[in-house]
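Single-structure report; data block below.
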Amino acid sequence: MAGPGPVTGDVLIERIGQLEALSRPLEPDASERLALREPVVAYAERFLEALADLPAYHDTEDLGAGINKSRIGEGPGPIEPVLDLLREHVDGPGLNPASAGHLAYIPGGGIYTSALGDYLADVTNRYAGVFFGGPGAVRLENHLLAWVREVVGYPKTALGNHTSCGSLANMIALATARDAWGLLGKDYDRAVLYLTSQTHHCITKSLRFLGLGQCVVRQVALDHRYRLRPDDLAQQIREDRSNGLRPWVVVASAGSTDVGAVDPLDAIADVAAEEDLWYHVDGAYGGFFALTSEGASRLKGMERSDSLVVDPHKTLFLPYGSGVLLVR
Ligand SMILES: Cc1ncc(COP(=O)(O)O)c(C=O)c1O
C-alpha cells in the first residue's frame, strides 16, 4: 500500500501559514498592545488611587469562589471581562497587604517601580539560569546578591541565589548543610537539628521535602521574650552526643514570624562553633533590619552563620515572590 507522499515545499508553506495565523493573537502588534495595555494600566491606577481607603481585609460572600465559574478557553477574548474577574474575585476578597490599614503580620506592600521591573523582565524574558544564555541577567542577580551580602556582613567569598520565597531558600540551606556535613541516608536518624517553637514551619517542612524526615528535631527552650536559650542548646547537644547522636544544624530566627523575636545570634554562633554545628539563620522576616543601625546591633552575630535567608518580599516590600539564600 502506498504511504502518504513526500510533503512538498508548497504544502509545508501552506501549513506554516495556517499555524502562523492560529498563533497570531499571541503576538499583538503595537496598536493591539496599546488596546490591551490601556485598560490594564487604568485598572492598576484605580487600585493604587483607592488604596488609602481600601480595607485591610475584605470579606465577600463567596471568598473568590466565583473565579471557578470563569471559562478557560482556547480562543482570545476582550480584556475588560478578565479585569472584572480579577477585581471581583481575586483583588477583592481577603487580605490586602498593600492597604494603608494593614498593620499586622509581616508587611507585603508591593513597590510600584518593582512592578514595572517585573513587567520589563516578563516582556524581555531573559533567562538567568545559565551564564551563556543571559550573561547580563546572571550578573544582575549576582550583583544583587553581593549587595545583600554586604548588608548582612557576609564575606566576599559567600555565594547564594535568588529564590521565589523564604521557604525555598531555607530548604536550599538545609540541603547545603546536609551536603557540607556529608550526611548520607544511613546517618539521617542520628542527625539532630535544633530549633524552637518559634521557628517558621517551613524548616520542618523542608526536612520532609528533602527526604530528611527521619532526622531528630529538638526544641530548644525559650527565654521570657521567646528567644532561643543558648544554655539549653548547649546542654541538649551534649546529651545527644553522649547518647550517640550526631548534632548537625542549629536554626536561629532573626525575627520570628509570630512575635518578631530575634534569637541571641552571637551566643548561638559561639555554641555552634564550639560544638561544630552548621549554623543557619532564618532572617526571612528580620534580616533586612540590618539596614538600620538599631537593627544591625540587634542582629549582631548573624554574619557568623554558615547560611542565611532574607526575604525581599517582606522587609523590602518588594512584590511576591522574592527570597535570597546566602552561604558562607
Ligand atoms: C521567619 C520566616 N521564615 C520563613 C518564612 C517563609 O517565607 P516565604 O513565605 O517567603 O516562603 C516566613 C514567612 O512568613 C517567616 O516569617
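The values are calculated or read from the model by the stated rules, or taken from the named source; none is laboratory data. This one's a predicted model, so the numbers in the text were calculated from it and none came from an experiment. Reconstructed Cβ throughout: ideal geometry from the backbone, glycine too, with neighbour counts over all protein chains shown. Note: accessible area is taken over every heavy atom of the protein model, side chains too, but ligands, DNA and RNA are not part of it. Shrake-Rupley method; radii C 1.70, N 1.55, O 1.52, S 1.80 Å.
What is the total of Lys pairs in the chain with C-alpha atoms under 28 Å apart, excluding same-chain pairs fewer than 8 positions apart?
6
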*Computed [θ] at 222 nm, helices only, for the chain once each DSSP H run of length n ≥ 4 contributes -39500 (n - 2.57)*: -12500 deg cm²/dmol
*For region 16-98, count all C-alpha to C-alpha pairs, find those more than 22 Å apart, and express that count as a whole percent of the total.*
43 percent
*Could you give me the ³J(HN,Hα) list for region 154-160, computed from phi with Karplus coefficients 6.51, -1.76, 1.60 and θ = phi - 60°, whole Hz, x at Gly and Pro?*
7, x, 4, 6, 5, 10, x
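Looking at the square roots a ≥ b ≥ c of the eigenvalues of the Cα gyration tensor of region 123-173, which shape do they give, rounded for a/c under 1.5, prolate if a/b is larger than b/c, or oblate?
Oblate shape, in that a/c is at least 1.5 and b/c is the bigger or equal ratio.
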*Gap separating the Cα centres of region 271-285 and region 1-75, nearest whole Å*: 47 Å
*Separation between the GLU27 and GLU150 pseudo-spin-labels, each 7 Å from Cα along Cα→Cβ, expressed in nm?*
4.3 nm
*On a 0 to 90 degree scale, rounded to 10, what angle separates helix 135-152 from the longest Cα axis of the chain?*
30 degrees
*Quarter of Cα convex hull surface for the chain, i.e. mean projection, nm²*: 26.2 nm²
*asked:* Counting only protein heavy atoms and a 1.4 Å probe, tell me what percentage of the chain's accessible area is made up of carbon and sulfur.
replied: 58 percent
*Which whole-Hz couplings ³J(HN,Hα) result when phi for each residue of region 110-122 is put into the Karplus expression 6.51 cos²θ - 1.76 cosθ + 1.60, θ = phi - 60°, listed in order with x for Gly and Pro?*
x, 10, 4, 4, 5, 4, 5, x, 4, 4, 5, 4, 6
*Write down the percent of antiparallel bridges among all DSSP beta bridges whose residues are both part of the chain, to the nearest 5.*
45 percent
_Please give me, ordered by residue number, the chymotrypsin sites (Phe, Trp or Tyr not before Pro) of region 61-142 that lie in loop per DSSP and have at most 14 other Cβ atoms within 10 Å._
TYR105, TYR127, PHE131, PHE132
*How do 277-286, 83-92 rank on mean C-beta neighbours within 10 Å, highest first?*
277-286, 83-92
*According to a simple spin-label model (label point 7 Å from Cα along Cα-to-Cβ), what is the distance in nm between ARG238 and ARG139?*
5.4 nm
*Helix 9-23 versus the longest principal axis of the chain: what is the Cα-based angle in degrees, 0 to 90, to the nearest 10?*
60 degrees
*asked:* Just to check I understand the Karplus step: with θ = phi - 60° and J = 6.51 cos²θ - 1.76 cosθ + 1.60, what whole-Hz values come out for region 48-57, glycine and proline as x?
replied: 5, 5, 7, 3, 4, 9, 6, x, 5, 9
*asked:* Suppose the chain between TYR112 and ASN68 were pulled fully straight at 0.36 nm per residue; how much longer would it get relative to their current alpha carbon spacing?
replied: 12.9 nm
_Test of understanding: extend the Cα→C-beta vector of ALA221 to 7 Å, then name every residue of region 259-290 with backbone N under 17 Å from that spot._
264, 268
*Hey, can you grab everything whose amide H is under 5 Å from the amide H of LEU54? Only 5+ residues off in sequence or another chain; H modelled, so Pro and N-termini drop out.*
ALA100
*With a 1.4 Å probe and every protein chain left in place, work out the accessible area per residue of the chain in Å², rounded to a whole number.*
59 Å²
*To the nearest 10 degrees, how steep is helix 230-242 against the longest Cα principal axis of the chain, on a 0 to 90 scale?*
80 degrees
*Using unit Cβ charges (K, R positive; D, E negative) and no other charged atoms, how large, in debye to the nearest 20, is the dipole of the chain about its Cα centre?*
1000 debye
_Contour excess over end-to-end distance, with Cα ends at TYR119 and VAL90 and 0.36 nm allotted per residue_ = 8.5 nm
